[in-house]
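Shown next, in C-alpha cells, is the structure this report addresses.
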Amino acid sequence: MPFAWLLYGAFAGGLGPDPAKTVILQTGEWALRFLLLTLAVSPLRRISGWYWPMRLRRMLGLFAFFYACVHLASFCQFYTGWDAGRLLEELAERPYITVGALAWVLLLPLAITSTHAMQRRLGRNWRRLHRLVYPALLLACVHLAWQVRSDYGEALVYGVFAALLLGYRWFAGRRSRQ
Amino acid sequence: YAPAAKGPLGYYTDEALTPRRDAASYNNFYEFGTGKTDPAAYAHEMTVDPWSIEVDGEVAKPGKLHLEDILSRYPLEERIYRLRCVEAWSMVIPWVGFPLSALLAEFQPTSKARYVAFRTLYRKGEMRGTRSFTSSLDWPYREGLRLDEAMHPLTLLAVGNYGKTLPNQHGAPLRLVVPWKYGYKSIKSIVRITLTEKQPATSWNMSQPREYGFYSNVNPNVDHPRWSQKHERRLPGSLFKPNRIETLMFNGYEEQVASLYAGMDLKKHY
C-alpha cells in the first residue's frame, strides 16, 4: 500500500526536506492512478470477457476517493493550516486548485452511493450518477497539467491513459447505438 | 576563506541554516530532470574538471579564465543568504565565493555594456534532463542581470557552500547567487558571461513570459499567475511544523537593493 509507505516515510523522516509537498504530490498521483485503474475495469472485462475485475471496481474507486481525501486534507493542513479564509483565497486565486477541488466534489456523491444498498435504491439513476466519474477524471488531468512548469511528460502520460479510457467508452457507446 | 561578516550589508543572517543534507537533496537543476531529487541523483554525470569560463561581448579585454586561476585570484569569503525559490519554498545557505563585480571589473566592461548574460554548460550526454522531448525549456540555460545588479556587492559567484566545494547539484564548479531574486536567476555551472548593450533573453522568460519576468525580484505583492508569493515554506519543514512564513520584499534585502529599482513599476517589471 502506497499509503503505508508514506506513513512509514513520515515517521522515519524519509520524505525529504519538504515532506508536506511530498505527501501532497504522492497522494494526488495515487488518487489519479486509482481513478484510471477504476475506469480500466469495464473495458478490460469487455475485451477479455473476464468477470473478476468487476469485483475489484468498487474497491479501486474507493481507493481513488481515499487518496483524493488525504490529498485534499494534506493541502488544507500544510498549505492553509485549516484557515477558512486562506482556503477560500487559494480556491479563488489558483485556478488549478479550483479545478482539483471540483474533481473531489464530483467524486464525493459517488463514494457515498457506493454501497450495494444505495445501488439498489437508486436503480437506473445510480448508473447515471456514476457517470460523474468522467468529468472528475478530466478535471483531475487539467489540475495536474496546470501545475507543469516546463516538462509536460508526466501530465502527457496520464492524459493519454485518460483519453484512451474515455475514448474507448465513446466509441463503444456509438457502436451500441447504431 | 573569510567568515561571513555580520552587519548591515546583508552578508550574514543568524536565521537557522538549512542542514547541508537537505540543501543537497532538494534542488531545481532541470538539466538533470524536473524532480527535486533528480539533480542529487544524476548531476554526478557532469564533468566539472577541467572547467573554464569565457567572458566576452562589451568588454575591453575579452578572454577565458580557467577555474584554477579564478580560485587563486579572488579572495574567498563566506556569505549566509536566504534563498527564495519561485515555487514558494526557501532555505538559508552559507555560500563561499567572491563578488561578481571583482571578476567583471577585470575584463573592463565598455561604456556600452548595460547587461550581463550568463550561460550554463549544455552537454547532452551528461545531462539527461536536456534529452527530454516534452520540455519547454530551450537549452543552454540562460540568465541575465542589469549591469548595476551584477556589480552590486551582494551578487556573488559561489564556488562552495557549507565550507566545502560546491556539490554538482548546486551548480559546480561556479554559480551565481543573487539573494534578492527568485532562485532561478542564480544560474548554475556557468561557462560563459557576455556583456551586452541590450537586455538578454533568459530561459524561463522565453518559455513562459507571463509567469517569469526578466527582473524576477522576490516580491510578495506580485503573485505568480498560478500561485501566491505572499508566503513561503522555510525548509526543512516537517509534517507537524510546516514552517510557513511571510515572504519579505526583495527577500529581506530591501535596504540593500531597493535603490536599484527606484521609480520602476515592479508590477510591470516583475
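Taken together, the values in this text are just the output of simple stated rules run on the coordinates, not laboratory data. Small disclaimer: the values here were computed from a predicted structure and weren't measured. Cβ sites come from the backbone with ideal geometry, for glycine too, and all protein chains shown count toward neighbours.
Observations, loosely collected:
- Inter-chain Cβ neighbour average for residues A:19-27, partner chain, 10 Å: 4
- Shape descriptor for region B:1-84: Rg over Rh equals 1.04 (Cα atoms; Rh from the Kirkwood inverse mean 1/r).
- Of all the options B:E149, B:E77, B:E106, the one that moves most in a Gaussian network model of chain B with Cα springs shorter than 10 angstrom is B:E106.
- Burial ordering of A:I97, B:I70, fewest other beta-carbon atoms within 10 Å first: B:I70, A:I97
- Reciprocal of mean inverse Cα separation for chain A (Kirkwood radius, Å): 17.6 Å
- Within the shell of other residues whose beta carbon sits under 15 angstrom from the beta carbon of A:F63, the net charge comes to +3, with Lys and Arg scored +1 and Asp and Glu -1.
- Cβ crowding within 10 Å, taken as a proxy for footprinting-reagent exposure, orders B:D49, A:D151, A:D83 from fewest neighbours to most as B:D49, A:D83, A:D151.
- Computed helical MRE - 222 nm, the protein assembly as shown, DSSP H runs ≥ 4 contributing -39500 (n - 2.57), nearest 500: -12000 deg cm²/dmol
- Structure remark: mean-square fluctuation, Gaussian network model of chain A, C-alpha springs under 10 Å; the largest value among A:A40, A:A162, A:A92 belongs to A:A92.
- Degrees separating the helix A:52-74 axis from the principal Cα axis of chain A, which is the longest one: 20 degrees
- Among A:Y51, A:L107, A:Y96 - extreme Cα towards positive end, dipole of region A:48-146, charges at beta-carbon: A:Y51
- Gaussian network model of chain B, Cα within-10 Å springs - most flexible of B:L137, B:L248, B:L260: B:L260
- Near B:D14: Cβ cut-off under 15 Å, other residues only, Lys/Arg at +1 and Asp/Glu at -1. The net charge is +2.
- Put the Cα centre of region B:128-173 next to the Cα centre of region B:43-101 and the gap is 8 Å.
- Relative contact order of chain B, defined on C-alpha pairs under 8 angstrom at six or more residues apart (%): 21 percent
- Debye, to nearest 20: dipole size of region A:2-177, +1 on Lys, Arg Cβ, -1 on Asp, Glu Cβ: 1540 debye
- Per-residue HN-Hα couplings for region B:169-181 [Karplus 6.51, -1.76, 1.60; θ = phi - 60°; Hz; x = Gly/Pro]: 5, 8, x, 4, x, 8, 9, 8, 9, 10, x, 8, 10
- Per-pair calculated FRET efficiency, R0 = 25 Å: A:E154 and A:S42 via Cβ, rounded to 0.05: 0.45
- Residues B:D38, B:D148, B:D22 in ascending order of nearby Cβ atoms (within 10 Å, fewest first): B:D148, B:D22, B:D38.
- The residues packed around B:P225, meaning those with a beta-carbon under 10 Å from its beta-carbon, carry a net charge of 0 if Lys and Arg are +1 and Asp and Glu are -1.
- Mean separation of Cα pairs under 8 Å and 6 or more residues apart, divided by the residue count, gives region A:2-177 a relative contact order of 20 percent.
- Given charges at beta-carbon only (K, R positive; D, E negative), |dipole| of region B:20-261 in Debye: 500 debye
- Prolate/oblate/rounded label for chain B (Cα gyration tensor, a/c 1.5): rounded
- Sorted largest first, extent of the protein assembly as shown alpha carbons per principal axis (Å): 82, 43, 42
- Dipole magnitude for the protein assembly as shown: computed about the Cα centre from +1 point charges on Lys and Arg Cβ and -1 point charges on Asp and Glu Cβ, it is near 2860 debye.
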